[in-house]
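I have placed the structure first, in the form of C-alpha cells, so that the comments after it can refer back to it.
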Amino acid sequence: DSHKPQSIFAFLPTELKSGLPFLVNADFILNASRESIQFDRKWNQWLRDCIAPVWIEAFKAALALEEHRMEAYSFIPFKNNNYDNFFEPIPEAIFAGISDSPVVWTFDGEFSKPGNVRLTDKKFRALIGEGKRPVQMKMTPLVHPT
C-alpha cells in the first residue's frame with residue numbers, strides 16, 4: 001500500500017519508518033543493531049538530500065507513461081503527514097522541485113504547472129461538458145477528471 005509509511009532500507013529493512021508514501025533504499029550507515037540509521041552522519045544526510053531530486057525524476061518519467069500516470073500521483077508526499085524528523089525536509093523539497101514544472105494532467109490532456117490549474121468536481125465538469133468552454137476557462141486549465 002503506497003499510502004502507509006514505508007520502512008527505510010539499507011539493502012535490508014530497518015525498523016525506521018520514514019513517513020513517506022514510497023520506499024527508500026539507500027546505502028545508509030546504520031547503527032550497530034541495524035534498526036535505524038545514524039542521523040548525524042554527513043553521508044546519511046547527503047543521501048537523504050538526494051531523495052527529492054531522484055523522486056522528481058522518477059515522478060516525471062511515470063507521468064510520461066499513460067498506464068502509470070494516475071498511480072504516480074499517489075506517491076506524492078503531503079506536508080501534513082507524520083514524517084520522521086530526519087526525513088521531514090523531503091516533502092517540501094519535492095514540492096519546491098515540481099511547483100514550477102508542468103506535472104498536472106489537465107482536462108485537455110496536456111500538462112500544466114500546479115499553480116496554473118484549477119480542481120473542479122464532477123458536477124461542474126458535467127455542467128460545462130466536454131465541448132467548447134468559455135475563453136476565460138481556457139486560460140485556466142482544469143485538472144484531468146480521472
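Give me the pairs: first residue in the stretch 95-114 and without any contact (Cβ under 8 Å) to a residue 60 or more places away in the chain, second residue open to solvent by 50 Å² or more (accessible area, probe 1.4 Å) and of a type in the set (F, W, Y), beta-carbon distance under 8 Å, and six or more apart or on different chains, which are they?
P102/F111; V103/F111; V104/F111; W105/F111
Restricted to the stretch 92-110, and to residues that are in contact with a His (Cβ under 9 Å, 6 or more places away or on another chain) and at negative phi, which residue is surrounded by the fewest Cβ atoms within 10 Å (Cβ to Cβ)?
D108
Would you pick out the residues in the stretch 17-30 that are of a type outside the set (G, A, S), open to solvent by less than 80 Å² (accessible area, probe 1.4 Å) and either in a strand (DSSP E or B) or at pLDDT below 95 (or both)?
Within the stretch 17-30, L20, P21, F22, V24, L30 meet the criteria.
Can you tell me which residue in the stretch 31-55 is farthest from the chain's Cα centre (by Cα), limited to those that are in a loop (DSSP other than H, G, I, E, B) and within 18 Å of S7 (Cβ to Cβ)?
In this case the residue turns out to be S33.
Filter the stretch 1-16 down to the residues that are open to solvent by 50 Å² or more (accessible area, probe 1.4 Å) and either touching a helix residue (DSSP H, G or I) at 6+ places or on another chain (Cβ under 6 Å) or at pLDDT below 90 (or both) and list them by number.
The answer is D1, H3, K4, P5.
Within the stretch 35-55, identify whether any single residue is exposed (fewer than 14 other Cβ atoms within 10 Å of the Cβ) and modelled with pLDDT under 95, and answer yes or no.
yes
Filter the stretch 84-115 for residues that are among the hydroxyl-bearing types (S, T, Y) and within 14 Å of the chain's Cα centre (by Cα); which is nearest to G19 (Cα to Cα)?
Out of the qualifying residues, it is S99.
Going by the conditions given, is F95 of a type in the set (A, V, I, L, M, F, W, C), in a loop (DSSP other than H, G, I, E, B) and under 30 Å from H144 (Cα atoms)?
Considered against the rule, which asks whether it is of a type in the set (A, V, I, L, M, F, W, C), in a loop (DSSP other than H, G, I, E, B) and under 30 Å from H144 (Cα atoms), F95 comes out as no.
Quick one: would you say K79 is closer than 19 Å to P114 by Cα, touching a residue at least 12 places away in the same chain (Cβ under 8 Å) and buried (at least 16 other Cβ atoms within 10 Å of the Cβ)?
no
The values are calculated or read from the model by the stated rules, or taken from the named source; none is laboratory data. Remember, it's a predicted structure, so these values are computed and weren't measured experimentally. A quick note on method: Cβ atoms are made from the backbone with ideal geometry, for glycine too, and the neighbour counts reach across all protein chains shown. Areas reflect the complete protein model, heavy atoms only, side chains present, ligands, DNA and RNA absent. Shrake-Rupley method; radii C 1.70, N 1.55, O 1.52, S 1.80 Å.
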